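Here's the structure we're looking at; comments come further down.
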Amino acid sequence: MGMASISCVSGCTCTPLTVDGNNVRRASQLHLIPLSVSQAGQCDMAVEVLNTTHSGEHKMKVAGVVVAERAGQDTYLDSLVGPGGGEFGVKEHTGLRQA
């Protein structure tokens, strides 16, 4: 997997974030990544695949976006994978592993 830049482009603000989809196991893995975005009636965001890569690949897949009304620390995402996001696997899905 490659790397991508995620940013807010219209209607809202956020600190741009660079994401690296590469992992050492070389297996498909869902990563949950928190991004704090200002409240807005409409928010346009961009995901740009970068030329920079650690794997030699230039591919990024966005599986979805989750919007939470309450921003900040101690979010549901933190309870799944810990502060700052991370891999989301079967143990997190079934509740067998806690952050």
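The values are calculated or read from the model by the stated rules, or taken from the named source; none is laboratory data. Since the structure is predicted, the reported quantities are computational estimates derived from the model, not experimental observations. Quick note on the areas: whole protein, heavy atoms, side chains included, nothing else; ligands and nucleic acids left out. Shrake-Rupley method; radii C 1.70, N 1.55, O 1.52, S 1.80 Å.
Backbone geometry of the range 36-51 corresponds, through the Karplus equation with coefficients 6.51, -1.76 and 1.60 at θ = phi - 60°, to 3J(HN,Hα) couplings of 7, 10, 5, 5, 7, x, 9, 9, 9, 10, 10, 10, 10, 6, 8, 6 Hz, x marking Gly and Pro. Couplings for the range 5-20, taken from phi via the Karplus curve 6.51 cos²θ - 1.76 cosθ + 1.60 with θ = phi - 60°, read 9, 10, 8, 9, 10, 7, x, 8, 10, 7, 7, x, 10, 9, 10, 10 Hz in order; Gly and Pro are left as x. Solvent-accessible surface of the range 1-50, taken per residue with a 1.4 Å probe and all protein chains present: 65 Å².
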